[in-house]
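Worksheet: the structure to be examined is printed underneath.
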Amino acid sequence: MKKVRLGIIGLGAQGSMYAKFITDGMVPNTVLAAVADVDPERRASSAEQYPEVPTFEDYRAMLESGDVDAVVTCIPHYLHPEVAIEALRHDIHVLVEKPAGVYSAQVRELNEFAASKPDLTFAIMFNQRNNPLYIALKEIIDGGQIGSILRSNWIITNWWRPQGYYDQSDWRATWGGEGGGVLVNQAPHQLDLWQWLCGVPKSVFAKAAFGFRRDIAVEDEVSVLADFGDGVTGVFVTATHDLVGTDRLEILGDQGKIVVEGSKTATITRLAKPERELSEGMGMDDVRRLFTGELDTAELYTQEVLEFDSAWGVQHSGVLENFAANILDGTPLLAPGADGIRGVRLANAIHMSSWTGQEVPLDLDEDAYLEELNKRIRAEGKFPERTR
């Protein structure tokens, strides 16, 4: 069986996890071919654990070594576009960790460069797209089973993080080091899924609290009202200080409804007819009978419950396997790299709305955003400003 020779750039938690997946045989079409990290202790640990795998201090040396066909970038957010472009320039396939970058201008540059290399595979680690529950929901929605989407609401507050998490390093939860808080670190998966399932909003109005319940500079509480056009709206709430946390997604269509709890259980309601048609044939006595339980709801709708076990780990290894399969035989990508800009633009628009108090379009002014971001980087006084 032909296998892709994969190099891992960055041996932190994610990179180390991917190395273990590959060496444990969870990604059968991939072999761990090389690793790169600037930290000598991490390189030494890798050399001890995988003595047959070459280690590099400079990822560029890995790219030039001839040891790898493809790489996955497990490095700080700001570096994703820069490193991915360099890999593509060396005719090496790239799987970018989420988020694709911090600000849309740098991600757009990556997308444009990747488009100039159509023979190379460019993907992003949106592993939740490999969650069987969300795959099923995507098929239900795209198949028109709940009709046209009218409203969506996602409360995703089970990203609890203690203060000690933020105190691990100087770059974490900073504008200059990480580029933001929950929107760029924990919630990108849901920002991607929300748009994957419901479409891309036209604009957002947001309220974010910065250092609300943690001693950090960036956002740890966010509430968003999104306008999808034609009266369709969405609400997105996320935080890192809710100890018990909630993960609840509701999607209302004109012919049904989806309610997801904990990303494991989905209740699918399918109306017998479009809601307006049901409305036209019913009166207030029907309302009374509905509320008192006298009305047989089977005449109005049916319900189905889908339940899935947690697919943690398998989701990530599945994306790695899919990435390699695309390289080897053209299998369609679960998450094309070009999709990464959607979540970055949405996060940028949410930040911008919170900073300005205004509703902000998704195709926001990239220069204005970068100017506002650099104001906050300057105020921190620890990191260089960012440029286009």
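Nearest 10 degrees, 0 to 90: what angle lies between the long axis of helix 314-329 and the longest principal axis of the chain (Cα atoms)?
Here the helix axis deviates by roughly 70 degrees.
Taking other Cβ within 10 Å of each residue's Cβ, how do 134, 78 sort, fewest first?
Ranked by crowding around the Cβ, least crowded first: 78, 134.
Taking the Cβ of residue 186 as the center, what net charge do the other residues with Cβ under 13 Å away carry, scoring Lys and Arg +1 and Asp and Glu -1? Walk me through the intermediate numbers first.
Details: positive: 98, 161, 172, 214; negative: 178, 192, 219, 220, 221, 242, 247.
Residues near residue 186 contribute -3 overall.
So how far, in whole Å, is the C-alpha centre of segment 207-246 from the one of segment 312-379?
With segment 207-246 and segment 312-379 each reduced to a Cα centre, they are spaced 17 Å.
For n ≥ 4 DSSP H runs only, could you compute -39500 (n - 2.57) per run for the chain, divide by its residues and tell me the 222 nm figure to the nearest 500?
-11000 deg cm²/dmol
Might you report the magnitude of the Cβ-based charge dipole of the chain about its Cα centre, with Lys and Arg at +1 and Asp and Glu at -1, to the nearest 20 debye?
Details: 36 positive and 58 negative charges, 46 e Å.
In total the dipole reaches around 220 debye.
Per-residue counts of other Cβ atoms within 10 Å, averaged by peptide: what ranking do you get for 243-252, 120-129, highest first? Could the numbers behind the result be given before it?
On the way: 243-252: 16.1, 120-129: 24.7.
The packing order, highest mean first, is 120-129, 243-252.
Rounded to two decimal places and with Rh computed the Kirkwood way over Cα pairs, what is Rg over Rh for segment 16-76?
For segment 16-76, the value is 0.93.
Sequence neighbours fewer than 8 away in the same chain don't count; with that in mind, list the lysines whose C-alpha is under 17 Å from residue 20.
Within reach: 3.
Would you work out the Kirkwood radius for the chain? I mean one over the mean of 1/r across all pairs of different Cα atoms, in Å.
Kirkwood radius, the chain: 22.4 Å.
So which lysines pass the test for residue 138, namely a Cα distance under 25 Å, with those fewer than 8 places away in the same chain ruled out?
98, 202, 257, 264, 273
In the neighborhood of residue 273, defined by Cβ-to-Cβ distances under 12 Å, what is the net charge if each Lys or Arg adds +1 and each Asp or Glu adds -1?
-3
State to the nearest 20 debye the size of the charge dipole of segment 1-101 about its Cα centre, where the only charges are +1 on K and R beta carbons and -1 on D and E beta carbons.
360
What are the aspartates and glutamates whose alpha-carbon lies under 20 Å from the alpha-carbon of residue 382, with same-chain residues fewer than 8 places away excluded?
Those aspartates and glutamates meeting the cut-off are 167, 170, 178, 215, 219, 371, 372.
With 10 angstrom as the radius, rank 72, 314 by how many other C-beta atoms surround their C-beta, starting from the fewest.
With the fewest neighbours first, 72, 314 line up as 314, 72.
How would you classify segment 199-251 from its alpha-carbon gyration tensor, with a ≥ b ≥ c the square roots of the eigenvalues: rounded for a/c under 1.5, else prolate if a/b is greater than b/c, otherwise oblate? Intermediate results must be reported in sequence, preceding the final value.
Details: a/c = 4.10, a/b = 1.73, b/c = 2.36.
Oblate, because a/c is 1.5 or more while a/b does not exceed b/c.
Of 344, 126, 176, which is farthest along the charge dipole of the chain in the positive direction, counting Lys and Arg as +1 and Asp and Glu as -1 at C-beta?
Looking along the dipole axis, the top candidate is 176.
Once phi is turned into θ = phi - 60°, what whole-Hz ³J(HN,Hα) does the Karplus curve with 6.51, -1.76 and 1.60 give for every residue of segment 272-287, x standing for Gly and Pro?
Working through the residues one at a time gives 5, 9, x, 3, 5, 5, 4, 4, 5, x, 10, x, 5, 5, 5, 4 Hz.
Taking every DSSP beta bridge with both residues inside the chain, roughly what % is antiparallel (nearest 5)?
65
Helix 13-23 versus the longest principal axis of the chain: what is the Cα-based angle in degrees, 0 to 90, to the nearest 10?
For helix 13-23, the angle is close to 80 degrees.
For helix 188-198, what angle does its Cα long axis make with the longest principal axis of the chain, in degrees from 0 to 90 and rounded to 10?
Taking the Cα atoms of the chain, the angle to 188-198 is about 40 degrees.
Projecting each Cα onto the charge dipole of the chain (Lys/Arg +1, Asp/Glu -1 at the beta carbon, about the Cα centre), which of 320, 187, 4 comes out farthest on the positive side?
Farthest towards the positive end: 187.
Looking at segment 236-278 from every direction and averaging, what is the projected area of its Cα convex hull in nm²?
Answer in nm², one decimal: 3.8.
Which one, 255, 283, 229, is farthest towards the positive end of the dipole of segment 186-307 when Lys and Arg carry +1 and Asp and Glu -1 on their Cβ?
229
All of the numbers you see were taken from the coordinates with simple rules; none came from a lab. Quick caveat: nothing in here was measured; it's all calculated off a predicted structure. Note that we place each Cβ from the backbone using ideal geometry, even for glycine, and neighbour counts take in every protein chain shown.
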